Structures are given as C-alpha cells and as structure tokens.
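Accompanying notes for the structure given below.
Bear in mind that the values in this text are calculations on the coordinates, not laboratory data. Quantities reported herein were computed from a predicted structural model and do not represent experimental measurements. Here the Cβ positions follow ideal geometry from the backbone for every residue, glycine too, while neighbour counts run over all protein chains shown.
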Ligand code: DX5
Ligand code: ZN
C-alpha cells in the first residue's frame, strides 16, 4: 500500500521542509491545475523541476488541465515519473498514454466521479495507473464521494483481467476513516492532502496512516 501526500495542502512558503516531513511516503503527488479543466490554478513544470532535487520519491503528476497532450513532454523533462491526465480532457487518450510511455514516464489516466470505469475498458492495457477521483477535482479538503468504493473495486477487476500490473490510485477526501476500506476494495495508492498536511505534524500523520494500513 503506497501513500501519496498531495502537496496541494502543504505550506508553499515552507515547501522544502514539508517535503522532508513526508520523505517516507512512496509517492509525492503534484496537482497541476489550469483554471480551465478545474476552477483552481496551481503550478507548472518549473516548480516541478525546482522541487525535483529535494526528493528521490516517485513524482506523481496529476494533470488537471485541458489539452494535456501539450504539456506531457515538459512535465517529463521537469522530472515527473508518473504522468496522469484526465480522460475527460482529451479526445485521444490511447495515443496520449502511448506517448507518455514513450517519454519513459509511467502513464496514468484519471476519471472524475461522473465517468464510469467501463470507459477505460479499451485503454487499460495502455495504462500503468488508473486514478479514480473520489471528489470532483479542483480543491483539497472536500468530502469523499461514497460511490468511489465501488469504482475502485471495478477498476481493480478491470486491471486484473487485462493488465494486472496497473496500479489503482484514489484521490480526494481520504483519511483514517476510509483508507482501510479503500485498500480492501483494491486500491494500491492513496493520495492524501488535508489528512497529512492539515495535521499538526505531517510526519506523524503519515506514520499513523502507514501503521493503519499495515
Ligand atoms: C483534488 C486533488 C487532490 C487533493 C486531495 O482535485 O486532485 O490531490 O490534493 O486533497 P484531500 O486529500 O484533502 O481531499
Ligand atoms: Zn490529485
């Protein structure tokens, strides 16, 4: 079970310190937002490149942007290890997954709460990761959409059938109240923003979550 702390909830003025506090997490989740696909705006490739020397963790870039095909190469050059884009944001998901892999990154595809897992049936073999959004993307600290448990089960079953090495990641509204149920539903990676960086001691919060998921 991997935990991916989401830097969206970190204090950007102390970003290096906050990254050091979560160094035991397997992934570092970087939410890229453009103010168009989602209402919020975060950061671009330069910030990813500047953060890269601070951590050896897997940089898990979640692109919440329109026309993600325009930016894959830049995020890869900046140091992204996993590049995940939204199915809803591009017309040619299969081509883009293949392109992400051709850069040497792992290719992820994300679906919003309204998109059925079945929409991924014909691209699952082209994916290294499926990201089931358990909130509507855009902001940290939102309430978990309960239907997501079933979607995680469906995504795991789809991957088991056609691409067992594909990881299932879940993002939004996750914490100690639902983490174990998500693991049991088949999740491999849990993204957490507020539950880690909203805690008084993010390092301790991460240790507690790792212990809970053992
Ligand atoms: C939301 C982002 C998430 C966000 C999760 O659109 O994709 O990664 O940081 O934050 P929490 O864990 O607070 O819901
Ligand atoms: Zn995210």
Compute the relative contact order of the chain as a whole-number percentage, counting only Cα pairs closer than 8 Å that sit 6 or more residues apart in sequence.
21 percent
Exposure proxy ranking, count of Cβ atoms within 10 Å, fewest first, for 29, 86, 99:
99, 86, 29
What residue among 154, 114, 57 shows peak mean-square fluctuation when the chain is described by a Gaussian network model with Cα springs under 10 Å?
114
How are the alpha carbon pair distances in region 90-214 distributed across 10 Å bins from zero to the largest one, expressed in percent?
13, 42, 33, 12, 0
Using Cα-Cα distances under 8 Å and only pairs 6 or more residues apart, what relative contact order does region 1-72 have, in percent?
35 percent
Counting residues in the chain as N, plug N into 2.2 N^0.38 Å and put the Cα Rg over that result.
0.93
